[in-house]
1. Let me check I've understood the local charge: for residue 127, count other residues with C-beta under 12 angstrom from its C-beta, Lys and Arg +1, Asp and Glu -1. What total comes out?
2. Using a 1.4 angstrom probe, figure out how much accessible area segment 78-138 has per residue, in square angstrom, rounded to the nearest whole.
3. Grab the other residues whose beta carbon is less than 12 angstrom from that of residue 142, score K and R as +1, D and E as -1, and report the net.
4. What accessible area, in Å² to the nearest ten, does a 1.4 Å probe give for residue 86?
5. By a straight-distance test (C-alpha under 29 Å), which lysines pair with residue 98 as possible cross-link partners, with residues fewer than eight away in the same chain excluded?
6. Run the reach check for residue 70 against lysines, Cα to Cα strictly under 28 Å, same-chain hits fewer than 8 apart removed. What comes back?
7. Cα to Cα, under 17 Å, and not fewer than 8 places away if on the same chain: which aspartates and glutamates meet these conditions relative to residue 173?
8. Within a Cβ distance under 14 Å of residue 66, other residues only, what is the Lys/Arg minus Asp/Glu net charge?
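The values are calculated or read from the model by the stated rules, or taken from the named source; none is laboratory data. What you see is a predicted model, and the numbers here were worked out from it, not measured in a lab. Because the Cβ atoms are built from the backbone with ideal geometry, glycine has one as well, and the counts that use them run over all protein chains shown. Note: areas computed on protein heavy atoms with side chains; ligands, DNA, RNA excluded. Shrake-Rupley method; radii C 1.70, N 1.55, O 1.52, S 1.80 Å.
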Amino acid sequence: FAKMVGRTADELIGHPVLEVVPECERAVVVQNIARQLAGEAEFVQMVSSVQTKTGEIRDVFINATRSTWKGRPASTATLLDFTEHRLVTEALRRSERKYRTTVDMAPVGIVHVGVDGRFVMVNEFFCNLLGYGSADLLKMSVVDVTFDDDRGDTLARINRSPAGPAGVEKFVKRYCHRDGHPVWVEVSYSRETDPDSGESYNVGIIVDITERRRAEEERIRFANQLQQSQKMEAIGQLTGGMAHDFNNLLAVIP
């Protein structure tokens, strides 16, 4: 404990415990000590802080048990310093928030899909693309939101590792929007392994190509119409020429 608060044992023994308690925590500490000394609480657990000689605040978890010292009521406490754990946890939370913000701001769908085909992470773009909330999608599988005609291919890919360069594979498919209309997408996916659990999952990057697909279909339709129009024009010219020649033949018949 002396090392925890940056003092020697001689600097602590005989001195009030509040000397190492930050001012903001003193009222709660005094209250809990008083309850134990009065016999109101045999055992107290609490999260608090101690202050080192240099003014650094350390976070501690306290277990205090009512006892006696030289025939007088006392409290025996053990303290666990979890400052480093808190700092690491806060850093992880900040990192996760940054990661989540980046993922949700991405102009493409980003998903993690388990080897059973169920979504384990979806970003905001993907939710908006299909008209579902994240809570809804995390209860569903990728097959559930796949257009009927494309489900067979999707099922075949779920348990198959990508065969493309660097373990990445690309393909085009249709999802089914919540209102029923198809959504054309280009999917790039790879197989990853969680370093902590060792479980495999698929990471998918989904690009919405619905408008591109519609434009291509419209271009093909227009090209077909133009080709048909040109055919009809050629037929018209041919039949017109034939009629002209026929009329010329009729003109010379006496």
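1. Neighbour charge sum, excluding residue 127 itself: -2.
2. It amounts to 61 Å² per residue over segment 78-138.
3. It works out to a net charge of 0.
4. Roll a 1.4 Å probe over it and residue 86 shows about 70 Å².
5. Hits, sequence-local ones excluded: 139, 170.
6. 3
7. Once the sequence-local aspartates and glutamates are set aside, what remains near residue 173 is 144, 148, 149, 150, 153, 186, 208, 211, 216, 217.
8. 0
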